[in-house]
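*Asks:* Just dropping this structure here.
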Amino acid sequence: MLTSIAAFLAYFDAVHRRAVRDVAALPTAADGWAPPSGEGEGAWSINQLVGHMAGSRLYFASAYRGEGWISPEPPAVDTRATWVPALEASAARLHALLDGTPDAWLQRKVGMIDTDAQLSGWRILMMMVEHDIYHRSQVDAYAGLNGWDVPQIYGRRAEDIGALQVAQRAKHGHAGGGHPL
């Protein structure tokens with residue numbers, strides 16, 4: 001569980017860096033690419049997804065601050081050149097909105113937009129991060145479908161780790177077999 005807004009922002013910064021890394025790695029062919037079929041978010045272009053990610057961060061910040069579940073107008077993300085600046089601007093705005101808020105707000109209850117449920121502030125912030133990761137994964141899946149390289153989350157591929165499994169099993173006394181990942 002989160003115990004300070006500073007700790008949350010440090011965590012968010014790492015998630016944000018991975019979003020920027022993955023979006024920035026997409027080729028020019030990704031600019032404006034959208035699935036050939038689908039509805040709603042499942043039919044959005046990569047440009048729309050990046051704009052949605054940037055805007056939604058501030059939606060969750062508004063709820064966390066007790067200002068309501070208010071969706072800001074998403075930034076105009078109409079070309080590849082605007083993807084990273086939109087994400088960077090939303091991260092800076094999120095910091096401005098959350099820096100200095102009382103750590104006690106992490107435990108404060110926030111009413112949901114569509115039910116009578118009350119969630120702790122830290123859960124609202126984690127919802128924001130999970131939402132960001134969800135859409136980053138959507139963009140990464142689109143990249144995979146198109147054969148565009150996506151940076152590895154930890155700089156290692158499953159195949160690389162799998163190739164090291166025999167040595168690890170021997171080193172730690174595990175007899176052969178097992179799944180190589």
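*Asks:* Assign one of three labels to segment 1-65, namely rounded, prolate or oblate, based on the Cα gyration tensor with a ≥ b ≥ c the square roots of its eigenvalues; rounded applies when a/c is under 1.5, prolate when it is not and a/b is larger than b/c, and oblate otherwise. Write out the running numbers ahead of the final one.
*Replies:* On the way: a/c = 3.35, a/b = 1.77, b/c = 1.89.
Oblate, since a/c reaches 1.5 and b/c is not below a/b.
*Asks:* By counting other Cβ atoms within 10 Å of each Cβ, how are HIS52, HIS95 ranked from fewest to most?
*Replies:* Numbers: HIS52 20, HIS95 16.
Going from sparsest to densest Cβ surroundings: HIS95, HIS52.
*Asks:* Moving on to the next point. Neighbour counts of other C-beta atoms within 10 Å: give me THR101, THR3, THR115 arranged from fewest to most.
*Replies:* Sorted ascending by nearby Cβ count, the order is THR115, THR3, THR101.
*Asks:* Among THR79, LEU9, VAL20, pick out the residue whose Cα is farthest towards the positive end of the charge dipole of segment 5-150, where Lys and Arg carry +1 and Asp and Glu carry -1 on C-beta, about the Cα centre.
*Replies:* It is LEU9, whose Cα lies furthest towards the positive end.
*Asks:* Taking DSSP loops as anything outside H, G, I, E and B, show the longest stretch in the chain free of trypsin sites (Lys or Arg not before Pro) there with at most 12 other beta carbons within 10 Å.
*Replies:* Answer from the scan: 1-155.
*Asks:* Roughly speaking, what is the centre-to-centre gap between segment 1-53 and segment 100-158 when only Cα atoms are used, to the nearest Å?
*Replies:* Centre-to-centre distance over Cα atoms comes out at 10 Å.
*Asks:* Which far-off residues, 5 or more places away or on another chain, put their amide H under 5 Å from the one on SER120, with H placed in the peptide plane?
*Replies:* VAL110
*Asks:* Hey, what did the chain get for relative contact order, percent, Cα under 8 Å, at least 6 apart? Please report the intermediate quantities before stating the final value.
*Replies:* On the way: 208 pairs, mean separation 45.9, N = 181.
So the answer I get is 25 percent.
*Asks:* Quick one, could you list the DSSP H helices from the chain stretching 24 Å or more along their long axis (Cα atoms) with average Kyte-Doolittle hydropathy of 0.5 or above?
*Replies:* Working: long enough: 5-24 (27 Å, 0.61); 46-64 (27 Å, 0.35); 121-146 (38 Å, -0.14).
Helices meeting the span and hydropathy rule in the chain are 5-24.
*Asks:* Let me ask something else about it. Could you give the dipole magnitude of the chain about its Cα centre, charging the beta-carbon of Lys and Arg +1 and that of Asp and Glu -1, in debye to the nearest 20?
*Replies:* Roughly 660 debye, rounded to the nearest 20.
*Asks:* A further question on this structure: Report the local net charge at LEU164: Lys and Arg +1, Asp and Glu -1, summed over other residues whose C-beta lies under 13 Å from its C-beta.
*Replies:* Once all neighbours under 13 Å are counted, the net charge is +2.
*Asks:* Follow-up question, since we're still on this one. Per the Cauchy relation, a quarter of the hull surface: what is the mean projected area of the convex hull of the alpha carbons in the chain, in nm²?
*Replies:* 13.5
*Asks:* For the chain, what does the helix formula give at 222 nm: sum of -39500 (n - 2.57) over DSSP H segments with n ≥ 4, over the residue count, nearest 500 deg cm²/dmol?
*Replies:* Mean residue ellipticity, 222 nm, calculated: -17000 deg cm²/dmol.
*Asks:* For segment 5-150, with the dipole built from +1 on Lys and Arg beta-carbon atoms and -1 on Asp and Glu ones, taken about the Cα centre, which of ILE46, ALA141, LEU97 lies farthest toward the positive end?
*Replies:* Looking along the dipole axis, the top candidate is LEU97.
*Asks:* Sticking with this one: Take VAL150, VAL139, VAL77 and order them by how many other Cβ atoms sit within 10 Å, fewest up front.
*Replies:* In increasing order of surrounding Cβ atoms, one gets VAL150, VAL139, VAL77.
Bear in mind that the values in this text are calculations on the coordinates, not laboratory data. For clarity, every value in this text was computed on a predicted model and none was experimentally measured. Cβ atoms come from the backbone with ideal geometry, glycine included; neighbour counts cover every protein chain shown.
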